[in-house]
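Taken together, the values in this text are just the output of simple stated rules run on the coordinates, not laboratory data. Because the structure is predicted, anything quoted here is derived from the model rather than measured. Reconstructed Cβ throughout: ideal geometry from the backbone, glycine too, with neighbour counts over all protein chains shown.
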Amino acid sequence: MEYGPAPEAPDAVKAWLDEHGRKFGLFINNEWVTPKGAKYYPSYDPSNGELLAETAQAEKKDVDAAIAAARTAFESWSQTPGVVRARYLYAIARNIQKHHRLLAVLESMDNGKPIRESRDIDVPLLARHFYYYAGWAQLMETELRDYQPVGVVGQIIPWNFPLLMLAWKIAPAIAMGNTVVLKPASYTRLSALLFAEIVAEAGLPAGVVNVITGSSSAGSMIVTHPDVDKIAFTGSTDVGRTLRHQTAGSGKKLSLELGGKSPFVVFEDADLDGAIEGVVDAIWFNQGQVCCAGSRLIVQENVADKFIRKLKARMEHMRVGDPLDKAIDMGAIVDKTQWETIDSWVKTGIAEGGECYQPNIRLPEKGLFYKPTLITGLDPAAATVQEEIFGPVLVSLTFRTPEEAIALANNTRYGLAASVWSDNINLALDVASKIKAGSVWVNCTNLFDGASGFGGYRESGFGREGGREGLFEYIRPKWMDRPRPDLTSMDLDAATNEPVKPLTWGEHVPARPAAPTVGRANGHDLPRVGPHPEDVHRRQTGPPRRALHHDHHRRGRNDRRAGWRRQPQGHPRRGGSGARGARCQARLGDASRLQPFADSVFHRRKSRCAQRRVHRANR
């Protein structure tokens, strides 16, 4: 069946660009600001090379102004009740749905991805995340009452999913009471600027969300700025490694979502036709420019030849063309530099001994388009197999046993995602649990939701975005702000006039003289009945007896479980090491005051035991 062209109209986007004179400044404090250096850079449509607009290049003064606005807004936004913050997030989500078509078309024109993906995946997920975190904003005061916002958050997003990455970062940040300075990627700036207008239209207070555009130097200024409390970055592993060095020792929180080389494992009992469609979604979704793309196909030997034949036949029917055409499968590569990088990796794979297959399909004469590519016959250690290409290039390997499949899947420095295909669900789940990856899909791929956390291991980064897990990247415990204890207010030792160090449970108490004895039985001294003489004075200066007695009574029933041991007289006492001891210390404060009473109880118990032994001996 032949599909005729069915393009989405770009008129609304062009009207919005013309409204701004096709020239955009920086969005700070809910208004457009001219950059201090008055420098602008062009933004092109990668499918036809058409100039879309010019965007500003932020300099240090611009970055300082944006962060200062965010810091000022944080003072009031962090104190705004969660239910009020939730109303703003709901308003943003509704405005996203209101401008759904405008956002989708602009995303495809700015990025080059098919309109079907931006319209049916990116923009719905954008709204979904704001709805989801609006709910969490309402729950913060009850479910997360021991936490507080981090402060000013610097966020740097990539060019492959500008809107989706923006939602992953901004929604949880402002829901928890933080303020944001966002820097979109150099290639795709326009959709973030449109989102800034949508935020202002929703009535969000000035300074809560600020968007600045620029090169990597602007991102470095945000990362190293002393008034930024948290950095959230999505991008390449090399840049993520640089950010770790820049933030080390600064006290800034850092979350990184980096690259990947995800395995796509197919067992012999899998539905091969379904798995082939899964491969199409895994690697040629968004032209393969996806950090979790299934770029390593690992097929069981018994069905490998059959699977590759079917896959090549499916590639012959792939449609590559205008991103605004609803009938295409692949759009344009985002930039000429990225196109050249992809092509160089394909040539490297051929030089390493791989067999390259590209379907005999026609590409548009204008634009940065690349054919879907399959490379077979490579060694698992080949650079093309090990390194992230970030393009529509799939490499294929084979395995015999599930153990070998697991070894091949884990044979990478990344650990972001994976996909396992088998009709035997027990086998699939067993293999999935042994693959070291942040997300593992079974008989599906590239499924995302606002309620589900996403992130990687190894060199794919750390931290999670999305779901409840994503909240903890933007909050910190309240106890971190508690003042240190004032040592001048501590009790003074009567003999030395120096502060008495509080004892913690499990710490040895200095030994004291044994209690006077009243006789001997079976070669042992019999302590006299009653408390130790020193306890009479100490009890008067200690905490209220009722509290001590209640706590000791509760702990006495669980003395073995709490770690108490009965020691001979004169031996250093051993405090409780369990949770009960910790709670007792927290309630009573100075543990050294509790010890005398515990000692007196210990002596009374030992005295009674000795008396019973004498009584039995006399009988």
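When a/c is below 1.5 the answer is rounded, else prolate if a/b is larger than b/c, else oblate, so apply that to region 56-95 with a ≥ b ≥ c taken from the square roots of the Cα gyration tensor eigenvalues. Display every interim value, and only then the final one.
Details: a/c = 6.96, a/b = 1.72, b/c = 4.04.
Verdict is oblate for region 56-95.
Please list, by residue number, every one of the GluC sites (Glu not before Pro) in region 114-220 that is coil in DSSP and has at most 15 other beta-carbon atoms within 10 Å. Numbers along the way, then the final one.
On the way: sites: Glu117, Glu141, Glu143, Glu197, Glu201; in loops: none.
Answer in residue order: no site qualifies.
Each residue of region 325-342 was assigned a 3J(HN,Hα) from its phi angle through the Karplus expression (A = 6.51, B = -1.76, C = 1.60, θ = phi - 60°), giving 7, 5, 9, 9, 9, 10, x, 9, 6, 5, 7, 4, 4, 5, 4, 5, 5, 4 Hz with x at Gly and Pro.
Rounded to the nearest Hz, the phi-derived 3J(HN,Hα) couplings of region 133-145 under the Karplus curve 6.51 cos²θ - 1.76 cosθ + 1.60 (θ = phi - 60°) are 6, 5, x, 5, 4, 5, 8, 4, 6, 10, 7, 10, 5, where x marks glycine and proline.
Annotation: amide H of Thr398 within the under-5 Å range of Val299, sequence separation 5 or more or interchain, hydrogens built in the peptide plane.
When the square roots of the Cα gyration tensor eigenvalues are ordered a ≥ b ≥ c, the ratio a/c for region 263-450 is 1.5 or more and a/b exceeds b/c, which makes its shape prolate.
Filter the chymotrypsin sites (Phe, Trp or Tyr not before Pro) in region 392-485 to those in DSSP coil with at most 13 other Cβ atoms within 10 Å of their Cβ, and list the result. Sites meeting the loop and neighbour criteria: Tyr457.
What does the highest-first list of 179-186, 86-93 look like by mean Cβ count within 10 Å? Can you show the working numbers first?
Numbers: 179-186: 25.2, 86-93: 21.0.
With the highest mean Cβ count within 10 Å placed first, the list reads 179-186, 86-93.
Less than 5 angstrom separates the built amide H of Trp441 from those of Ala418, Ser419, Val420, all sequence-distant by 5 or more or on a different chain. For region 182-329, the number of Lys pairs with C-alpha atoms closer than 22 Å, counting only pairs eight or more positions apart or on separate chains, is 6. Along region 455-460 the Karplus relation, 6.51 cos²θ - 1.76 cosθ + 1.60 evaluated at θ = phi - 60°, assigns HN-Hα couplings of x, x, 10, 6, 8, 8 Hz to successive residues, with x for each Gly and Pro. Amide H contacts under 5 Å for Lys23: Glu54, restricted to partners 5 or more places along the chain or on a different chain, H placed in the peptide plane at 1.01 Å from N. Loop-resident trypsin sites (Lys or Arg not before Pro) (DSSP state other than H, G, I, E or B) in region 126-202 with no more than 15 further Cβ atoms inside 10 Å of their Cβ: Arg145.
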